[in-house]
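Worksheet: the structure to be examined is printed underneath.
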Amino acid sequence: MIKHIVMWRLKDFAAGASKEENAMKLKETLEALDGVIDEIISIEVGINFNNSPVAFDVVLYSEFEDREGLEAYQKHPEHLKIVERFRRRSGVELIGKRRALGEILDALKRGRMVGILLDQNASRTEGVFAPFFGVPASTSKGLALIALRTGAPVLPIFIRRVEGGRHRVEADPVVPAPADGDVVAYTAAFNRCIETAIRRAPEQWFWMHNRWKTRPDAEAG
């Protein structure tokens, strides 16, 4: 059994509504997923009425049979619609997987910062095998290819939970591109940055994702 808990703090006023109104909208929207996404065993959203400065305003509690069920929920189109809606409110532009390269290049030309979540298992066709905690891990080669093609710097950025229910965004130094343009070596350097960040706070790593799912041919056989 997987128990999935997410907590939010809301602004006093946003999107033309009060905190209380937005909390109720969020509760209704999330609980409406019950019966729509088969993998959800149970889902409940609580609204906090405590005025404590360290309390969260909305808490989502949901249960799934296993990790695969949670991942199916997170990738479900109806769940993604909710995620996209809230991200766009903060000025974030979302780039879908289809036609992603063209949209990323366009965003870079417009001077936008592009965020790519690299700590994910990549398919055999989309990734290269680079060490991750000493084990070959199929890692998307897209970041290295785009950076080498455009000259855009790669800046590792991490967010971590701190005391008082707050979060801190940390930016590490730019990862230098290899002079010979070696995509595997560049990708391995990205993985080392992620390893370092995880070691600083291993309890905050999203370990439920099967990072080493895709295996090299020699192992798969």
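For the residues GLY111, GLY69, the requirement of being surrounded by fewer than 12 Cβ atoms within 10 Å (Cβ to Cβ) and at pLDDT 85 or above singles out GLY111. Taking every residue in segment 18-31 that is more than 13 Å from HIS79 (Cβ to Cβ) and assigned by TED's automatic domain parsing to the domain that holds PHE49 and pairing it with any residue that is of a type in the set (Asp, Glu) and crowded, with 17+ Cβ neighbours inside 10 Å, at least 6 positions away or on another chain, the pairs with Cβ-Cβ distances below 7 Å are LYS19/ASP57; ALA23/ASP57.
Strands (runs of 3 or more DSSP E) fully within segment 106-216 that include at least 1 residues being of a type in the set (Val, Ile, Thr) and in contact with a Phe, Trp or Tyr (Cβ under 8 Å, 6 or more places away or on another chain): 135-140, 166-171. Of the residues in segment 120-136, none is under 21 Å from MET208 (Cα atoms), in contact (Cβ under 8 Å) with a residue 60 or more places away in the chain, in contact with a Ser or Thr (Cβ under 6 Å, 6 or more places away or on another chain) and among the hydroxyl-bearing types (Ser, Thr, Tyr).
Based on what the data block shows, is GLU93 within 26 Å of CYS193 (Cβ to Cβ), among the charged types (D, E, K, R) and not in a helix (DSSP H, G or I)? Step through it out loud before you land on a result.
Numbers: within 26 Å of CYS193 (Cβ to Cβ): yes; among the charged types (D, E, K, R): yes; not in a helix (DSSP H, G or I): yes.
For GLU93, the condition - within 26 Å of CYS193 (Cβ to Cβ), among the charged types (D, E, K, R) and not in a helix (DSSP H, G or I) - is met.
The values are calculated or read from the model by the stated rules, or taken from the named source; none is laboratory data. Computed from a predicted structure; not experimentally measured. All Cβ positions, glycine included, derive from the backbone under ideal geometry; neighbour counts span all protein chains shown.
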